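Down below is the structure, laid out as structure tokens.
Every read-out reported here was derived from the displayed coordinates using simple, explicitly stated rules and does not represent laboratory data. Source: prediction; values computed, not measured. Because the Cβ atoms are built from the backbone with ideal geometry, glycine has one as well, and the counts that use them run over all protein chains shown.
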Amino acid sequence: MKTVKCTFQTGHQKTEHSKHIEGLLDESYKPLVSLSVDALQNRKGVTFIKCPAVTDFMKSTYVFKSPIDLSIDIEVTDDYSKLLCNNISQELFDDVVDMRFLENVERGQSPYPLIGIDFLNTFMCDSSVMLQVFPAFMHYNDFTSKATVIPGEYDISKWVRPVELVFEIKNRKETIEIKKGDALSYFKFNADDAIKLESNPIPWQDIDICDNIRNANTFRPLKERYKAYTEKKHGNS
């Protein structure tokens, strides 16, 4: 069995959570739950759940669920971008809503507005485990019907940075109602051994190393990032 150390935070400040989210977070909230348990709660006796290809996919896959209610109103035209979240304070909006993808320098040419929410999950492992991020395609809610999480993958033994919730919205003008507990994305851990998730303090030192490497060359290939991180972490640079 492999142990994956995981942390959840809101906002990019060096604290566990934005101070402006206090009172909204449920103390019993667990950001990750097993897909095989969660998705099958209301699917009983369905043929596909007996298929080994499906069960193997599910067994090391976890559902990331929203910690709070979040109402998103967005309108994007060729001339302007407007994004509102009327059910949270301006201070919390400033802490967790990432609008940089709507700015001209990162927007590119796309009919699908791209935004990020700083619901941040960080994972570490002492041995090689490939983390894959997927949209929550077996869950149906307002978010999954109107938005698509951007997928990705990397080795969490060689790269340590928070995974931000980044997603495309399918229409240029849309309202999305996210409810506390709604499935937002999936995290799959690819390893031959079973995976055990273990909550840990946020690994700021490792995050800082990876941030510095990333900021020096934003689109540096992962293989080169892995090498640079290993050298920095073990003092070989």
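When 139, 234 are ordered from fewest to most other Cβ atoms inside 10 Å of their Cβ, what list results?
Values: 139 18, 234 8.
Taking fewest neighbouring Cβ atoms as first place, the list is 234, 139.
Run the dipole for the range 186-236 about the Cα centre, Lys and Arg Cβ at +1, Asp and Glu Cβ at -1, nothing else charged, and hand back the magnitude in debye, nearest 20.
On the way: 9 positive and 8 negative charges, 46 e Å.
The dipole magnitude comes to about 220 debye.
Hey, fewest Cβ within 10 Å first, where do 184, 40 land in order?
Result, fewest neighbours first: 40, 184.
State the answer as a single residue: which of 63, 215, 117 lies farthest towards the positive end of the charge dipole of the chain, with beta carbon charges of +1 for Lys and Arg and -1 for Asp and Glu, about the Cα centre.
Farthest towards the positive pole: 63.
For Cα extents along the principal axes in Å, which listed value, (1) 54, 40, 36; (2) 69, 35, 29; (3) 54, 47, 38, comes from the coordinates shown?
Computing Cα extents along the principal axes in Å and matching it to (1) 54, 40, 36; (2) 69, 35, 29; (3) 54, 47, 38 gives (3).
Mind jotting down the distance between the C-alpha centroids of the range 16-90 and the range 112-128, whole Å?
After rounding, the separation between the Cα centres reads 13 Å.
If you add up the charges near residue 25, with Lys and Arg at +1 and Asp and Glu at -1, over every other residue whose beta carbon is less than 12 angstrom from its beta carbon, what do you get?
Net local charge, residue 25 excluded: -2.
Computed FRET efficiency, Cβ-Cβ of residue 43 and residue 90, R0 35 Å: what is it to the nearest 0.05?
Numbers: r = 41 Å, r/R0 = 1.17.
Step by step, r from the Cβ atoms, then E = 0.30.
Ordered by residue, what ³J(HN,Hα) values in Hz, to whole numbers, does the range 160-170 give under the Karplus form 6.51 cos²θ - 1.76 cosθ + 1.60, where θ = phi - 60° and Gly and Pro are x?
For the range 160-170, the Karplus curve yields 10, 9, x, 8, 7, 7, 10, 8, 8, 9, 6 Hz.
For residue 97, what residues show an amide H to amide H distance below 5 Å, using hydrogens built from the backbone and excluding near sequence neighbours?
Residues meeting the amide H criterion: 118.
When 1/r is averaged over all different Cα pairs and the result inverted, which Kirkwood radius in Å belongs to the range 1-119?
Details: mean 1/r = 0.0571 Å⁻¹.
For the range 1-119, inverting the mean 1/r across all distinct Cα pairs yields 17.5 Å.
Between residue 77 and residue 193, what's the calculated FRET efficiency when r is the beta-carbon distance and R0 is 41 Å? Round to 0.05.
Numbers: r = 50 Å, r/R0 = 1.22.
For R0 = 41 Å, the calculated efficiency reads 0.25.
Take each uninterrupted DSSP H stretch in the chain, measure its Cα extent along the helix axis, and return the ones at 15 Å or beyond whose mean Kyte-Doolittle hydropathy is at least -1.0. Present the calculation step by step, with values, prior to reporting the outcome.
Working: long enough: 204-216 (18 Å, -0.66); 222-233 (16 Å, -2.07).
Within the chain the helices that satisfy the rule are 204-216.
Return the sequence-ordered ³J(HN,Hα) values of the range 67-80 in whole Hz as given by the Karplus equation 6.51 cos²θ - 1.76 cosθ + 1.60 applied to θ = phi - 60°, using x for Gly and Pro.
Taking θ as phi minus 60°, the curve returns x, 9, 6, 8, 9, 10, 10, 10, 9, 10, 10, 5, 9, 7 Hz for the range 67-80.
Name the long-range amide H neighbours of residue 150: under 5 Å, sequence gap of 5 or more, or other chain; modelled H, no Pro or chain starts.
Those lying under 5 Å, H to H, from residue 150 are 166, 167, 168.
Based on alpha-carbon positions alone, could you give the equivalent ellipsoid semi-axes of the range 134-173 from the gyration tensor, as √(5λ), descending, whole Å?
Values: eigenvalues 123, 27, 10 Å².
One finds semi-axes of 25, 12, 7 Å for the range 134-173.
Under 5 Å between amide H atoms, partner at least 5 residues away or on a different chain: which partners does residue 182 have, H built in plane at 1.01 Å?
When sequence neighbours closer than 5 places are left aside, the close amide H contacts are 66.
With charges only on Cβ, +1 for K and R and -1 for D and E, what is the dipole size of the chain about its Cα centre, in debye, rounded to 20? Before the final figure, lay out each step's value.
Details: 30 positive and 35 negative charges, 180 e Å.
So the dipole magnitude of the chain works out to roughly 860 debye.
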